[in-house]
Amino acid sequence: MENLDPKLVTVFGGSGFVGTQIVEQLAAKGHRIRVAVRRPDLAGHVRMLGTVGQVVPIQANIRNLASIERAVASSDIVINLVGIGADRGPQTFEAVHVDGAKAIAEAARAAGATALVHMSALGVDMAAEISQYAASKLAGEAAVFAAFPNAVVMRPSILFGQGDGFFNLMASLARLFPVLPLIGGDTKFQPAYVGDVAEAFVKAAEGQLKTGKIYELGGPQVETYRQLMDRVQREALRNRPMLPLSFGVARLLAGVMSILPFPPMLTADQVELLSVDNVVSAAAIKEKRTFAGTGIVPTSMDTILPTYLWRFRKHGQFDKATTSPINDLPA
């Protein structure tokens, strides 16, 4: 439904997996959107998410204050989705998750923005003592609230949806390797559908949620890492044996990967994160700082995963699981 009071929204990192979903929903409501990215020449696809001229990619680097200030100038709403999974060159956890988040929040306040929505991650408060990633995310949250007290912080669990970085990767490994390494098989996760998370961001941006709060966004199902791997294999029609690795062996493996001349598939910090449950806290449930508090009914993995993990079957769409919605597609 088109908004009768359209706003100018700046979305940092709006060309990625979550960002495109948010931009599309904002555009559908009639808002004008600036998609702030380091390489706008590579973000032309976001223009197609709205009408002509409604969505515009612009250049911004959160390590450059002047570019941040240009991006948020005259904006009513600012959304920060920028995050990294590993330190690499000048793109460090401190620079991106703390200093960058602080700079955006301060610039948003100075520009007169009425709303700021910030992306964090579920469980960072529980993992901050052992993970640099989690510690930087937690410090970034504090910096955001210090600069913009009425901000809304979102902490989603791992995300699923077309193009996600977790389930697609696991399915790729199941297709390529005869054995699957399993680290932290008993660790619990609560995957959330990217479309639901995007809707929560839009609600917060439009002032429909309580401000100055941290929302923890987890889906309707809590499963262990082993159960998630089993689920991926069922959808991909694979039956690879899983090889449990102790955290000590996983740390050693991550250390070896770190000295290779390309970005590692596994870092020591990620190993630490795999030792901590990634689920919505009891406090968030009690205080209604979850999907329930947003009025969104979270989508089940059973509904979404089969619609894209069929690509990892041996014969793709021609291999049909008996319980998969793909069976309902026309031949």
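Among the DSSP beta bridges whose two residues both lie in the chain, what percent are antiparallel, rounded to the nearest 5? If you can, show how the numbers build up before the last one.
Details: 3 of 36 bridges.
Of the beta bridges lying entirely in the chain, close to 10 percent run antiparallel.
Taking the Cβ of Val232 as the centre, find all other residues whose Cβ is under 14 Å away and add up their charges (Lys, Arg: +1; Asp, Glu: -1).
It works out to a net charge of +3.
With a point put 7 Å past each Cα toward its Cβ, work out how far Lys320 is from Arg47 in nm, to one decimal.
The answer from the label model is 4.1 nm.
So if R0 is 56 Å, what FRET efficiency would Thr303 and Ala66 give, r being the distance between their Cβ atoms, rounded to the nearest 0.05? Intermediate results must be reported in sequence, preceding the final value.
Working: r = 44 Å, r/R0 = 0.79.
Given R0 = 56 Å and the Cβ-Cβ separation, E is 0.80.
Excluding Glu106 itself, what net charge comes from residues whose Cβ is under 12 Å from its Cβ, given Lys and Arg +1 and Asp and Glu -1? Can you show the working numbers first?
Details: positive: Lys102, Arg109; negative: Glu69, Asp99.
Counting the neighbours of Glu106, the net charge comes to 0.
Using only alpha carbon pairs under 8 Å that are at least six residues apart, calculate the relative contact order of the chain and give it in whole percent. Don't skip to the answer; put the middle values down first.
On the way: 647 pairs, mean separation 50.8, N = 331.
Across the chain, relative contact order equals 15 percent.
On C-alpha positions alone, give me the angle between the axis of helix 247-258 and the longest principal axis of the chain, in degrees, nearest 10.
That helix lies at roughly 70 degrees to the long axis.
Determine the distance separating the Cα centre of segment 169-243 from the Cα centre of segment 261-310; give it in Å without decimals.
So the two Cα centres are separated by 5 Å.
Readers should treat all values here as calculations from the given coordinates under stated rules, not as data from a laboratory. Keep in mind that this is a model prediction, so the values were computed, not measured. We place every Cβ from the backbone using ideal geometry, glycine too, and count neighbours over all the protein chains shown.
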